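Working notes, beginning with the structure itself.
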Amino acid sequence: EEVAGLYQELSQHPGLSAACLGPDVTTQYGGKYCSLYTEWSQRDLARAESVKFCRQYLVFHDGTSIVYAGPAGTCCEIKDELLSRESPGGLLKAVLRKAIGKEKEKEKQFLEVWGQNRKVKSIDLTALDKHGSVYDDDQFGCLAWSHSETHLLYVAEKKRPKAESFFQSKAPELGGSADEDLGRPEKPDAPVKGEQFVYHEDWGEALSTRSVPVLCVLDIEGSSVSVLEGVPEHVSPGQAFWSPDDTGVVFVGWWHEPFRLGLRHCTNRRSALFYVDLTGGKCELLSEDTRAVWSPRLSPDRCRIAYLENSALGPHQQCSRLRMYDWYTKHTRTVLEAVPRQAWGTFPGVYCSALPALCWAADSRRLVLDTAQRSQQDVFVVDTQTGTVTSLTAGECRAVPGLGLVMPAGLTLSSPDAPQGSWSVLTIDRDLLVAGFSTPSCPPTLKVAVLPGAGQEAQVRWVCLQDAPPVPGISWGIRTLQPPPEQEHPQYGGLDFEAILLRPGKGPAAQKPPLVVMPHGGPHTVFSAGWMLYPAVLCRMGFAVLLVNYRGSLGFGQDSVNSLPGNVGTQDVQDVQLCVERVLQEEPLDSGRVALVGGSHGGFLACHLIGQFPDTYHACVVRNPVVNIASMVTATDIPDWCLTEMGLPYAPDALPDPAQWTEMLQKSPMRYVDRVRAPVLLMLGEDDRRVPPKQGLEYYRALKARGVPTRLLWYPGNNHSLAGVEAEADGFMNIALWLLKHLRC
């Protein structure tokens, strides 16, 4: 009950998800203010769901600084909204909403247009029957106003013809016999025979209902929907917006031939930027077609499109290039190159999953983004003409030369009194910048600032709009480690890595607490020093928690990313073990009570560590772990991951040879299962497409056969992330009780 109470208390802290600034209003005294609309999400354990709510604030400013800012009213729950977007002028709002009919019929979708004091339009998209469900995900989905505010652009599933059995009987039409009906031509919407059980590919994990996206346009005045033609047959469109003159649509197209690969968290899928003309249906390629591109953003002056670019295939997450397409000169150039190696105090490169929806400064020259820089996440402003990068969140900044960028650029990232933690950009509009900030001991807070003029960004002053007091009983810090010479990478030597250590506060248990080691998944992701529910509750329970960013993590340069493929199961395992041994030596921790908790590739590492170092660990919890790469490669939605992380080339038509199958097994945790002694708790999502649950079942049976204490939790309706509120809460309680039992706490 005590653990459940702690979890319930800390899980009530909401997270920031979106923000939007309203138009400026000038007061009778000449001052300016605007409304700030924010959206938050919060776990509701009683309803076993994540609830979304909004809160509004007023921001008074003079164009150079925030004069006053504060809340306006209380928060209110948002129900059944799938997407929403304010119009360019800020006086209209489009909302995609789901609704259930009175007769409990299938879910319907409505596209609504709201004015300042009423609903202006409500269009039943399901009844129009022009397409399937509208996409509300952040991979393909969009809801974009035309510049004239007369049309809305969105992405939906292509309408699929109805199918029926070869033996479906039909009633004869009035006025004719069944024999006469057989001679009539089929109606346009007549069901197709023999298509009932045709397999339709989808885009994998978390995108299993996405197969063939189409671009759709709603004429608001006429309440009519049209599906755009001209999109090449070999690509799937998404992330679309209107061209500068409203005569066409710009979109990202992902190649889906010869078959679709999983797309979620995979910024390495071949894709390109396209433009389709609305009048003639002609489609034009705007970027290279051999790369992976995403997140295009049009500048306020409608002259330039910024977007992110990676190499196709290779590691699923990489250090990205920031590219710029000029609409009128048709010229593309690189603003920021990938950074091979981050020297201390210099710009680390771009590692964000997307640019903010609104990221441009009012001058249409600078843009803001947030990205990992080692074990923190900071906000940067980029001058797209010079390539100069300046931090807006890491203390005093100055330009320094030599980062491998197009133009010499850089910065000093931290001053001694700069706040450590993680920042995320929510929006920027008219140079009013809204961001979220959190730390491992402080839940998300809302901050606002005015972006200073070019060259003066270091003078930015943040004002806190919504504070969250630090959670008592948690102290934390970041440790930097260097592998010993014998563990250095032969090609990428000299790389370091980091770990975030959370320690419980005062009290008898805090003198020498047990240690929970948590390596991240990916493997090319990163733990940022922000608010994380599981580590926070474990720390409040009296555990020290070690979050390891081993070599291969994002935020340390592309060399670090490149060092891991071909070395999984050795380099990453050695980094985690080195970190554990160093922390046990240097911190007052109980070396007799050390446990592992990891998911996905973090589970892969946890299973490796309890097999390779059985004397170090006394309990283990794994969530959807990779345990046998050889058996995973034919079942996962990302078979290229299995080969890439082995250091092997991937080709859709290639089959691994016997030596490669052997290599996959040799690098897998199953190789060491005979040496496992620590009790293991497995947590599996039934709908996991990324690491299919048969992986965990394979490990469960192997452990049971060897007499190792093990328990398996099976979560229906949950995929790889196990992020359902009920599964997340039940999972934590089982993790906590497993650790308390087997670490003798």
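The values are calculated or read from the model by the stated rules, or taken from the named source; none is laboratory data. Owing to the predicted nature of the structure, the values given are computational and were not obtained by experimental measurement. Because the Cβ atoms are built from the backbone with ideal geometry, glycine has one as well, and the counts that use them run over all protein chains shown. The area values use the complete protein model at the heavy-atom level, side chains included, leaving out ligands, DNA and RNA. Shrake-Rupley method; radii C 1.70, N 1.55, O 1.52, S 1.80 Å.
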- Message: Below 19 Å, Cα to Cα, which lysines can Lys447 reach? Residues fewer than 8 away in the same chain don't count.
- Response: Lys32
- Message: I need the phi-derived Karplus couplings for the range 51-60: 6.51 cos²θ - 1.76 cosθ + 1.60, θ = phi - 60°, integer Hz, Gly and Pro marked x.
- Response: 9, 10, 9, 10, 8, 10, 9, 10, 10, 9
- Query: Where the only charges are on Cβ atoms (+1 Lys, Arg; -1 Asp, Glu), what is the dipole of the chain about its Cα centre, to the nearest 20 debye?
  - Reply: 1340
- Message: Could you give the length gained by full extension between Ser223 and Arg160, i.e. 0.36 nm per residue of separation minus their alpha carbon distance, to one decimal place?
- Response: 20.4 nm
- Item | Gain on full stretching of the segment that runs from Gln585 to Ser148 - 0.36 nm per residue minus C-alpha separation | 150.8 nm
- Carbon and sulfur %, accessible surface of the chain computed with the full protein complex present, 1.4 Å: 51
- Query: Could you give the accessible area per residue of the range 474-743, probe 1.4 Å, as a whole number in Å²?
  - Reply: 34
- the range 347-380 and the range 507-553: distance between their alpha carbon centers, rounded to Å: 26
- Task: Taking every pair of Cα atoms in the range 442-537, average 1/r, invert it to obtain the Kirkwood radius, and report Rg/Rh to two decimals.
- Result: 1.08
- List the relative contact order of the range 474-743 as a percent without decimals, with contacts defined as Cα pairs under 8 Å and 6+ residues apart. 16
- Where the eigenvalues come from the Cα gyration tensor of the chain, what are the semi-axes √(5λ) of the equivalent ellipsoid, largest first, in whole Å? 41, 35, 27
- Message: Charges on Cβ only, +1 for Lys and Arg, -1 for Asp and Glu, centred on the Cα centroid of the chain; of Tyr617, Ser133, Cys642, which one is farthest towards the dipole's positive end?
- Response: Tyr617
- Task: Mind checking the per residue accessible area of the range 100-175 for me, 1.4 Å probe, whole number of Å²?
- Result: 64
- Note on the structure: One checks the Cα atoms of the range 646-745 and finds Rg and Dmax, in Å, of 16.5, 52
- Alpha carbon centroid spacing (whole Å) that separates the range 668-745 from the range 34-76: 38
- So the compactness index of the range 1-92, its C-alpha Rg divided by 2.2 N^0.38 Å, takes the value 1.40
- Please get the size of the charge dipole for the range 474-743, origin at its Cα centre, with Cβ charges of +1 on Lys and Arg and -1 on Asp and Glu, quoted in debye to the nearest 20. 1060
- Message: Could you tell me which residue out of Tyr492, Ser84, Leu96 lies farthest along the dipole of the chain toward its positive end? Charges go on the beta carbon: Lys and Arg +1, Asp and Glu -1, centred on the Cα centre.
- Response: Tyr492
- Task: Could you check the simple spin-label distance between Thr74 and Arg365, using points 7 Å along Cα→Cβ, in nm with one decimal?
- Result: 4.8
- Over the chain: helical MRE at 222 nm, DSSP H runs n ≥ 4 each giving -39500 (n - 2.57), nearest 500: -4500 deg cm²/dmol
- Query: For the chain, what is the relative contact order in percent, using Cα pairs closer than 8 Å and at least 6 residues apart in sequence?
  - Reply: 8
- Task: Determine how many Å³ per residue the convex hull of the Cα atoms of the range 506-616 encloses.
- Result: 100
- Task: Work from the charge dipole of the range 474-743 (Cβ charges, +1 for Lys and Arg, -1 for Asp and Glu, about the Cα centre) and give the residue of Ser553, Ser528, Pro658 farthest towards its positive end.
- Result: Ser528
- Query: Restricting to lysine pairs 8 or more places apart or on different chains, what number in the range 474-743 have Cα atoms under 25 Å apart?
  - Reply: 6
- Item | Reachable lysines, given that their alpha-carbon falls under 22 Å from the alpha-carbon of Lys330 and they are not under 8 places away in the same chain | Lys282
- Mind giving me the nanometre distance, one decimal, between the label points for Lys694 and Glu1, set 7 Å out from Cα along Cα→Cβ? 4.6
- Put a dot 7 Å past each Cα toward the Cβ at Thr26 and Gln511; how far apart are the dots in nm? 6.9
- Message: Please compute, over every Cα-Cα pair in the range 474-743, the percentage with a separation greater than 30 angstrom.
- Response: 24
- Note on the structure: Using alpha carbon centers only, the range 192-233 is separated from the range 81-98 by a whole-angstrom value of 22
